[in-house]
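What follows is a single structure, written as structure tokens, with notes after it.
Quick note: the coordinates plus some simple rules give every number you see, no bench work behind them. Bear in mind that the values here come from a model prediction, so they are computed numbers and not experimental data. Here Cβ is always computed from backbone atoms with ideal geometry, including for glycine, and neighbour counts include all displayed protein chains.
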Amino acid sequence: MHGYDPVAYFVMSKPVKGLPEFSATWNGATYWFASASHRDTFQADPARFEPQYGGYCAYGVAQGAKPDIDPHAFAVVDGKLYLNLSPGVQKRWQADTPGHIQKANQNWLTLKNQ
């Protein structure tokens with residue numbers, strides 16, 4: 001997530017850079033948070049706040065790849081955080097978000113171990 005706070009997307013509705021002194025590890029990834037409060041919120045329920053598809057671009061996963069992300073190209077959909085490669089890719093994602101989520105969920109079963 002390039003050091004951005006996953007909790008901020010939910011509680012502040014925007015990307016906020018985290019600080020290394022407020023970090024936590026979950027599912028092999030280390031996350032940085034803007035505050036101790038955000039870190040503690042994450043640690044209480046990490047599955048709720050972690051980005052989908054290991055933090056890779058959700059649209060890319062729907063296409064069968066694992067591209068990097070731009071922390072500013074995001075959406076919270078049905079309580080889940082989805083990140084995209086760029087604002088342009090995010091527009092493609094938004095053209096059929098439910099369809100892309102369905103396809104990405106299927107592809108992630110194979111991609112997550114690659």
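Points to keep in mind about this one:
- Helix-derived mean residue ellipticity, 222 nm - over the chain, DSSP H n ≥ 4, -39500 (n - 2.57), to 500: -11500 deg cm²/dmol
- Cβ-based exposure ranking for H2, H38, in which fewest neighbours within 10 Å come first: H2, H38
- Prolate/oblate/rounded label for the range 52-111 (Cα gyration tensor, a/c 1.5): rounded
- Relative exposure of I69, I101, judged by other C-beta atoms within 10 Å (fewest first): I101, I69
- With the charge dipole of the chain set up from +1 on Lys and Arg Cβ and -1 on Asp and Glu Cβ about the Cα centre, the Cα lying farthest toward the positive end among the listed residues W26, M1, C57 is that of C57.
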